[in-house]
1. Here are some residues: G27, G68. Which one is under 30 Å from C126 (Cα atoms), surrounded by fewer than 14 Cβ atoms within 10 Å (Cβ to Cβ) and either assigned by TED's automatic domain parsing to the domain that holds T105 or not charged (D, E, K, R) (or both)?
2. Kindly list the number of the only condition in (1) surrounded by 14 or more Cβ atoms within 10 Å (Cβ to Cβ); (2) within 22 Å of N124 (Cα to Cα) that fails for I61.
3. Filtering the stretch 1-39 down to residues that are hydroxyl-bearing (S, T, Y) and within 15 Å of F64 (Cα to Cα), which residue is nearest to the chain's Cα centre (by Cα)?
4. Which of the following residues is within 30 Å of R159 (Cα to Cα) and among the aromatic types (F, W, Y): Y23, Y77, Y37, Y85?
5. On the given criteria, is I58 within 14 Å of Y23 (Cα to Cα) and over 13 Å from the mean Cα position of the chain (by Cα)?
6. Return the only residue of D107, D103 being assigned by TED's automatic domain parsing to the domain that holds I171, in contact with a helix residue (DSSP H, G or I) (Cβ under 9 Å, 6 or more places away or on another chain) and at pLDDT 95 or above.
7. Which members of the stretch 58-70 meet the condition of being free of Cβ contacts under 8 Å to residues at least 40 places away in the same chain and either polar (S, T, N, Q) or closer than 20 Å to E101 by Cα (or both)?
8. For the stretch 71-170, which fully contained helices (runs of 4 or more DSSP H) count at least 1 residues that are buried (at least 17 other Cβ atoms within 10 Å of the Cβ) and in contact (Cβ under 8 Å) with a residue 40 or more places away in the chain?
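The values are calculated or read from the model by the stated rules, or taken from the named source; none is laboratory data. Everything quoted here is computed from the prediction, not taken from an experiment. Here the Cβ is made from the backbone with ideal geometry for all residues, glycine too, and neighbour counts use every protein chain on show.
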Amino acid sequence: MLALNYRKITDTIRQKLKPKEAYTFLGLVFKSNYETYESSVNEQTLADFLKIPRDRVIDHIDKFSRTGLVKKDQKEYGKIKKNYYQVSTEHYFLVTDKILELDITGDDIGFLLILKACCYNNTNLCLWSVNQLVENVAISKPTVIKYLKRLEDKDIISRKDGKIKIIKEGIFLETQPTDIAVMRNFYPEALDEEDFDSKGYWLPDEVRQMMK
C-alpha cells in the first residue's frame, strides 16, 4: 500500500538540524503512524533500524523535543513507562522509503533531506548559491561543500550556474494539486504549457531556465 511507503517531513528541519540529526528524524518519522504521525518506537529499535548508537538516538530525540519538531509524552503501564512522540509535519514535503535504499551514508541522507527543505516549492531545485544555502541551514560552509560533492559524485544531485538540482528520481513526491490543473479551470485561454514543468507546476523564469 503506497501510504506505507512515504512520510511527511517538515521543512523546518533545515534551520534546526544537522545531517546526523536529520537522518535520525527520518527514522523516527518512518517509525511513526502514517496517518497520525505518532510514534511509540523504542530507542533501541530505532537505533537498530538506522544502524546508529542508541545514545545518539536519545540525544537527537531530546533535541527534537527542545526545538519543537517532536512533542514527547510518557505513559505508565503499571511499573512500565513508555515514551510517545508526536512528530511535527508543519510545511512538509513527502519522502519515500527509497531514500533509505540509496548507496550513501546516513549523514548524506540527512543532508539530502535538508537540501530538499531548501528547494523551491514543489520542485527539486535549490535556487540558492552555496553561500545563501549556508545562511539558511545549521551547517558550516566547508561541510556543505563536502556533502554537495559527495551527492554529486553519486549522481543524486547536479550543479549548474551555481544552482543545485536533485536529479535522483523516486525519492520525493508531489504534495499539492498542480498549478496547471488549477489554472485550466480559470484561465484556459492564457495558458502556455512551457510555463509549467513536466508535473504541471508553474515555474518562474529563473527556475524554468535552470531546468532546461
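1. G68
2. (2)
3. In the first step, residues of the stretch 1-39 are kept if they are hydroxyl-bearing (S, T, Y); the result is 6, 10, 12, 23-24, 32, 34, 36-37, 39.
From the residues that got through so far, the ones that are within 15 Å of F64 (Cα to Cα) too are 10, 12, 23-24, 32, 37, 39.
On the way: T10: 7, T12: 9, Y23: 10, T24: 12, S32: 15, Y37: 15, S39: 18 Å.
By that ranking, first place goes to T10.
4. On the way: Y77 fails: within 30 Å of R159 (Cα to Cα); Y37 fails: within 30 Å of R159 (Cα to Cα); Y85 fails: within 30 Å of R159 (Cα to Cα).
Answer to the check: Y23.
5. Details: within 14 Å of Y23 (Cα to Cα): yes; over 13 Å from the mean Cα position of the chain (by Cα): yes.
For I58, the condition - within 14 Å of Y23 (Cα to Cα) and over 13 Å from the mean Cα position of the chain (by Cα) - is met.
6. On the way: D103 fails: in contact with a helix residue (DSSP H, G or I) (Cβ under 9 Å, 6 or more places away or on another chain).
Of the residues listed, the single one that is assigned by TED's automatic domain parsing to the domain that holds I171, in contact with a helix residue (DSSP H, G or I) (Cβ under 9 Å, 6 or more places away or on another chain) and at pLDDT 95 or above is D107.
7. Passing the criteria: only S65.
8. Numbers: elements: 106-117, 130-135, 141-153.
Hits in the stretch 71-170: 106-117, 141-153.
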